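Below is one structure; the comments refer to it alone.
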Amino acid sequence: MGAAGPRFAARFGVAVLCVTAAVLVRMALDSLWVLTFPYLTLTPAIMGAAWFGGLGPGLLATALCGLIATYFWIAPIHTFWIEGVGPGVSMALFLFVGVTISVLSELVHRRERHLTTIVESISDGFAVLDRDWRYRFLNEEAARLARRPRRELIGRRIWDIMPDLVGTAFEHEARRAAADRAPTRVELYQPSQAAWLELRMFPSSEGLAVYFEDISARKRDEHLSARLAAIVTSSDDAIISKDLDGTIMSWNPGAERIFGYRSDEAIGRHITMIIPPERRSEEDTVLARIRAGQTVHHFETVRVHKDGHPIDISLTVSPIRNAAGRAVGASKIARDITEQKRIQRDRDQLLVRERAARSQAEAGNRAKDEFLTTLSHELRTPLNAVYGWAAMLQSGGLDQAAFTKAVDAIMRNANAQVQLIDDLLDVSRITAGKLRLDVQSMDLAPVVEAALDATRPAAAAKSIHLETVLDPRAGPITGDPNRLQQVVWNLLSNAVKFTPRNGRVQVHLQRINSHVEIVVSDTGSGIAPDLLPFVFDRFRQGDNSSTRTHGGLGLGLTLVKQLVELHGGTVRAASRGVGKGATFTVTLPVNVALVLAGSVEREHPSAGRLPVAAPLVRLDGLRVLVADDDADGLGLIAEILGRAGAVVETSTSAPRAFEQFQARPPDVLVSDIEMPDEDGYGLIRRIRALEPARGGRTPAIALTAYGRREDRLRAISAGFTMHIPKPVDPAELTTLVASLAAN
């Protein structure tokens, strides 16, 4: 029977004790009551037995009390012990009352046992404290939290059992709840248990009921949620959640930074607000995979910033599942990879350039090898003729006609070799920086005519028509006539070489603003687009095969480019394609001042004295401000005026010249027209806007390469006093400056 047997015996023993005590008390009162009041002391015995033992002991006590009362105090001779009521009726009432008390006590006991069972069965702690803070009741969980058996806790003060609670929020709230008779709650960390507890306290007149709930798991979840929230908030990546319809539900600061929308602007809107129209189908594909429970990893795509610019991103999209495991939304992590893409593009471009450079270097090496092969061929071919005819001359026996033919062949092939060697030496000198130019003031028209005269026999042999248009206003330039004739001759001979019979070669000489252009165009074989960027390169020819139509080393255009650049000019080639002819344009700068050839003794360029053609008018003491963005031209004008005695200030820009003018107005202003940022017209307008006392009426000369009538009228209309086209004679310039200053 285990423990049930002793508990059963104890309950019924209590019933017997209660009945015995009640009978002894009644017998002690027999001398006073005699046979009256037979049940007066027996009823409390039934109540005690039923209260302490329940239904069984109560019924036992009722039966015993009834039997004892009948035997001792209800005699047969007494019909009534209560007036009007017989012994049988009184016994029945007594027994009814006893049974009722037993049943009611059992119900109370069952309710208490039920409540106790409920309290014991809950997983949380429960304790009842009296007004002195002693344990009146506590369940097993409360005892476990106190780390003591229940029997050691009942009747002891909670502050003695758990002194670590003294001075904590629990003590404060418990005393406040007991004083105010108001329920309260508090969260408490128990280091000994390494656990978080939530204590709810319910005061009553008897004391305080305390409900202990272990919330460690909830705290861990809250801590984890807080950490996750902190991670989401501090993440540089965009972390976005959306439902399966694509409506945005959350939007972290990283998303605000990457896409430009605030969270209140984004939440509730459709995710397509950041998707380019041409990529909307990607969202349908992603949502379909999310509905199927799949995750999209590192999907690289493009999204749109609020201001409209595209953003390269890498997407990872995962399903959000409910408790049943069904996907109800999607969590998206978007990483901005724009910079990575840019670096990758730069790396790819560097790789392309490196491959192109390697290919170009390999092509250059091939071209060099091909050039050496061609050079060997070009040198050996005339040498073969020279050697052969020389051997025949040495052997004798040639008649006069054969002799003349041999001498002509030897001279012609020797000249060809000399030309080849001269070209090679010229290229070598230019590369080494040892080529000297005989620089002087010159007109280009005679140079072009001389080159045409040298080319006409070859053109006539192929019935090629030479057309020339030479502008007499092209003006003089500074250069080496022989080298410039070599440039024009190379271009003409090249055009004649590649133009078929009955073709046409045109030569134009014209002045364009501050430059002179020589344009040579033909109706020849043209230049392939892939060869056009390399026509001026050394060791590069359009046809290096053994079946090529035209001979030569291909150095002519290389020499043209290098000689033109030595003169401060440029050369460019153009062609509409193979068989559609070619055009070469040489651009050379005009003189900023006229220097008459042969008028003075030529000096080394490093000399400090500028040669002039005629005596200069003295400008002693005159202050002249000169503005020109060309440093060489600016220095030349300053030198001319300075040698005439003027005090010269220079400026390389219109804004700087205006600042100098305001600081100290000059006697005369000399300004170029074509300057960056602000031209000479803007400068003179700003000066003319000044008051006369501040120099607004200062004489000004427009010294410019724009020499047309409309250019002169525009300069005068803008506010210049005089307009002088370049090149200008130094004596003329000083005379005009002196005249304007005097007036």
Within region 218-237, how many residues turn out to be open to solvent by less than 50 Å² (accessible area, probe 1.4 Å) and farther than 30 Å from Glu256 by Cβ?
-> 1
Of the conditions (1) open to solvent by less than 20 Å² (accessible area, probe 1.4 Å); (2) at pLDDT 80 or above; (3) not in a helix (DSSP H, G or I), Leu553 fails just one. Which one is it?
-> (2)
Determine, yes or no, whether Leu619 is more than 50 Å from the chain's Cα centre (by Cα) and modelled with pLDDT of 50 or more.
-> yes
Consider Ala638 carefully, then state whether it is assigned to a helix (DSSP H, G or I), surrounded by 16 or more Cβ atoms within 10 Å (Cβ to Cβ) and modelled with pLDDT of 85 or more.
-> yes
Only one of Gly608, Gly633 is in a helix (DSSP H, G or I) and either modelled with pLDDT under 80 or in contact with a Cys (Cβ under 6 Å, 6 or more places away or on another chain) (or both); which?
-> Gly633
Taking region 302-327 as the region of interest, how many residues are outside any strand (DSSP E or B), in contact (Cβ under 8 Å) with a residue 24 or more places away in the chain and not basic (Lys, Arg)?
-> 2
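Results for (1) among the small types (Gly, Ala, Ser); (2) within 26 Å of Lys726 (Cβ to Cβ); (3) modelled with pLDDT under 85, shown as yes or no for each residue.
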| site | (1), (2), (3) |
| --- | --- |
| Asp480 | no, yes, yes |
| Leu492 | no, no, no |
| Phe498 | no, no, no |
| His508 | no, yes, no |
| Ser514 | yes, yes, yes |
Counting only strands (runs of 3 or more DSSP E) wholly inside region 641-743, the ones holding at least 3 residues that are within 18 Å of Val590 (Cα to Cα) are 700-704, 722-725
Conditions: (1) within 15 Å of Arg131 (Cα to Cα); (2) open to solvent by less than 40 Å² (accessible area, probe 1.4 Å); (3) free of Cβ contacts under 8 Å to residues at least 24 places away in the same chain. Met201 meets all but one. Number of the miss?
-> (3)
Residue match in region 158-179 (condition: surrounded by 14 or more Cβ atoms within 10 Å (Cβ to Cβ), at pLDDT 75 or above and part of a strand (DSSP E or B)) | no
Does Leu740 count as over 22 Å from Ser441 (Cα atoms), surrounded by fewer than 17 Cβ atoms within 10 Å (Cβ to Cβ) and of a type in the set (A, V, I, L, M)?
-> no
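Would you please name the residue that is most open to solvent (accessible area, probe 1.4 Å), looking only at residues in region 204-217 that are touching a residue at least 40 places away in the same chain (Cβ under 8 Å) and either in a strand (DSSP E or B) or of a type in the set (A, V, I, L, M) (or both)?
Ranking the candidates gives Asp214 first.
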Inside region 244-264, the number of residues satisfying the requirement of being surrounded by fewer than 16 Cβ atoms within 10 Å (Cβ to Cβ) and either touching a His at 6+ places or on another chain (Cβ under 9 Å) or among the β-branched types (Val, Ile, Thr) (or both) is 2
Out of the residues in region 309-341 that are open to solvent by less than 60 Å² (accessible area, probe 1.4 Å) and among the small types (Gly, Ala, Ser), state the one that is nearest to Ala238 (Cα to Cα).
-> Ala334
Based on what the data block shows, is Ala182 over 20 Å from Ala195 (Cα atoms), loosely packed, with under 14 Cβ neighbours inside 10 Å and of a type outside the set (S, T, N, Q)?
-> yes
Report, by residue number, each residue of region 193-252 that is modelled with pLDDT under 85 and in contact with a Gly (Cβ under 6 Å, 6 or more places away or on another chain).
-> Phe212, Ser235, Asp236
Quick check: anything in region 503-515 surrounded by fewer than 21 Cβ atoms within 10 Å (Cβ to Cβ), touching a residue at least 24 places away in the same chain (Cβ under 8 Å), basic (Lys, Arg) and touching a helix residue (DSSP H, G or I) at 6+ places or on another chain (Cβ under 6 Å)?
-> yes
For region 265-301, which residues satisfy the criterion of being in a helix (DSSP H, G or I), under 16 Å from Ala238 (Cβ atoms) and either open to solvent by 40 Å² or more (accessible area, probe 1.4 Å) or among the aliphatic types (A, V, I, L, M) (or both)?
-> Glu265, Ala266, Ile271, Met273, Ile274, Val286
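The values are calculated or read from the model by the stated rules, or taken from the named source; none is laboratory data. Predicted model, so just to flag it, every value in this text is computed and none were measured. Here Cβ is always computed from backbone atoms with ideal geometry, including for glycine, and neighbour counts include all displayed protein chains. These area figures cover heavy atoms from the full protein model, side chains too; ligands, DNA and RNA do not enter into them. Shrake-Rupley method; radii C 1.70, N 1.55, O 1.52, S 1.80 Å.
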